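Single-structure report; data block below.
Values in this text are rule-based calculations from the coordinates and carry no lab data. Remember, predicted model here, so these are calculated numbers, not experimental data. Glycine gets a Cβ as well: all are built from the backbone with ideal geometry, and neighbour counts include every protein chain shown.
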Amino acid sequence: MGYCRCSTAQQELQSQLDALEEAGCDPVFSEKISTRFKVRPEFVKALDFARTIKKAVPHQRVIFTVHEMKRLAAAPAELLTIAEDLHHHDIQLELLTGPLQGVYDPSGHGAALFAFFAGMAESEREYIWEKSLEGQASARERGRHGGRPKVVDEDMAAYARSVRANGAPVPKIAQKLVITSGKNQGKRPSAATVYRILAEDDATDRTA
């Protein structure tokens with residue numbers, strides 16, 4: 001099955017649709033929406049469809065196809081979240097163009113691509129960690145002290161650490177957490193929030 005996306009109404013989808021059709025994708029999900037939006041409805045439908053087919057016919061080869069990597073996501077952390085979801089459900093990923101063109105099996109020869117996503121996300125977390133330390137140092141110089149947002153309490157952080165230590169993927173951890181205060185009370189944190197929790201803990205460990 002295929003998925004295509006462009007960011008604005010002025011951009012065209014037809015070239016992606018033609019490429020996906022030529023690749024034999026059926027069905028194809030498409031939308032005009034920026035990756036800045038946390039929820040992309042057609043992308044969610046595409047992943048749900050792939051998971052449903054794989055669950056119904058476990059031995060069926062299911063390939064999630066996009067024209068190029070940036071149609072999946074822009075941020076490394078989000079790419080890793082998507083890769084971990086595909087890996088968890090044993091769904092292959094196909095990129096039709098770009099330097100990583102090809103079909104990648106998360107449980108086979110394509111594992112290196114998923115490791116690449118993880119490396120990109122780790123680099124991004126390192127950058128966030130460094131900027132966080134710089135911000136904390138600057139705040140201390142001005143007599144201010146920071147900390148985690150109130151929506152992230154210590155119990156949530158401790159649980160995230162313990163589950164991650166047992167090898168659970170971050171998206172699964174996020175699904176198990178519930179925000180206990182603030183305007184988002186009762187909702188689940190995003191995977192990006194969980195990554196920040198873990199990155200902050202890494203920073204604390206390294207400076208302890």
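So the values come out like this:
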quantity	calculated
For Phe29, net neighbour charge (Lys/Arg +1, Asp/Glu -1) across residues whose Cβ lies under 15 Å away	0
Residue-count net charge about Leu86 - beta-carbon cut-off 15 Å; Lys, Arg +1, Asp, Glu -1	-1
When each of Lys45/Lys70; Lys32/Lys55; Lys32/Lys187; Lys55/Lys172; Lys38/Lys183; Lys54/Lys172 is checked by Cα-Cα distance, pairs over 22 Å	Lys32/Lys55; Lys32/Lys187
19 Å reach of a label modelled at Glu21, 7 Å along Cα-to-Cβ, counting backbone N of region 50-66	65-66
Calculated FRET efficiency for the pair Phe37/His59, C-beta based, R₀ 41 Å, to 0.05	0.70
Filtered chymotrypsin sites (Phe, Trp or Tyr not before Pro), region 1-101: DSSP coil and at most 15 other beta carbons within 10 Å	Phe37
Charge dipole magnitude, Cβ of K and R +1, D and E -1 - region 2-118, Cα centre, debye nearest 20	380 debye
Surrounding net charge for Glu12, when Lys and Arg each add one and Asp and Glu each subtract one, Cβ distance under 11 Å	0
Per-pair calculated FRET efficiency, R0 = 35 Å: Gln101 and Asp155 via Cβ, rounded to 0.05	0.20
